[in-house]
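Read the structure below first, then the notes.
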Amino acid sequence: MSMVLDSYRKSADKIIDPLSRLFLKFRPNTITILSLIFALMAGIFYYLSHFYLIISFIFLLFSSLFDALDGKIARIKNLQSLKGDLMDHTFDRYSDIFIITGMMLSFYGNIYLGLFAIIGILMTSYMGTQSQALGLKRNYSGIAGRADRLVLIIIFTLIQFLVPGYFLIHGIKIDATDILLIWFGVAGNITAVTRFIDAYKNLN
């Protein structure tokens, strides 16, 4: 969980714990792969736009759920490993790219805002793990952690489906998707910079 959603960890665990026991017959890596596939499908259906947004919304729910379940199942079954951690974080980045690419290439999106968002998201994640690579603790701080991103994507996908219109600012189209991409770009890069500063200060 990221810092913003950290206060809701116990509440989320009340839901995740019983759900995870329903999937104990699956290996954690299988759950990770399913989360990636659901993210890919979410991106594809977002790209198709219009009515398909509700299908994307459903796939986003499943992708987010399985993303939360894989680590929980690994702990319950005592199957935590460095290979699993590598697979989880690598597939998370691909999931982010699949979803954002679908958004930026959709009828509602903007390719330049999408690239801005992807840079913010990837740099946020990179600086979090780079701290660990340098001998520090993995850094989950900031306002643009993955849990926050997934919640916002789910909410804004539903908003975009219910409110398909847009408004113009100096002739530039702005809708729910554009607003979210801008936020990911701004908040992601701010988070990446703050994580860099934290790491730099803590290095000898």
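Where a number appears in this text, it was derived from the coordinates with a stated rule and is not lab data. As the structure is a prediction and not an experimental result, all values here were calculated from the model. Every residue, glycine as well, gets a Cβ built from its backbone with ideal geometry; the counts of neighbours run over all protein chains shown.
Provide the FRET efficiency to the nearest 0.05 for the residue 159-residue 90 pair, computing r from the beta carbons and using R0 = 41 Å. After rounding to 0.05, the efficiency reads 0.85. Among 17, 67, 88, the largest mean-square fluctuation in a Gaussian network model of the chain (Cα springs under 10 Å) belongs to 17.
Within region 75-204, all pairs of alpha-carbon atoms sorted by distance into 10 Å bins from zero give the percentages 12, 38, 30, 15, 5, 0.
For the peptides 123-131, 74-82, 171-179, residues were scored by their other Cβ atoms within 10 Å and the scores averaged per peptide; the highest-first order is 123-131, 171-179, 74-82.
Our summary of shape: the Cα atoms of region 116-159 have principal axis extents of 41, 19, 12 Å, ordered from largest down, in whole angstrom. Both the radius of gyration and Dmax for region 87-147 are 13.0, 44 Å, in that order, over alpha-carbon atoms.
For the chain, complete DSSP H runs whose alpha carbons reach 30 Å or more along their own long axis and whose mean Kyte-Doolittle score is 1.0 or higher are 28-48, 52-76, 111-133.
Between residue 105 and residue 62, what length comes free when the chain is fully extended (0.36 nm per residue of separation minus the Cα-Cα distance, one decimal in nm)?
Details: separation 43, 0.36 × 43 = 15.48 nm, distance 2.20 nm.
Full-extension gain reported as 13.3 nm.
With a cut-off of 13 Å between beta carbons, the residues surrounding residue 74 carry a summed charge of +1, where Lys and Arg count +1 and Asp and Glu -1. Here the gap between residue 55 and residue 77, fully extended at 0.36 nm per residue and compared with their Cα-Cα distance, gives a gain of 4.7 nm. Only Cα pairs under 8 Å and 6+ residues apart enter the sum, and on that basis the relative contact order of region 141-204 stands at 42 percent.
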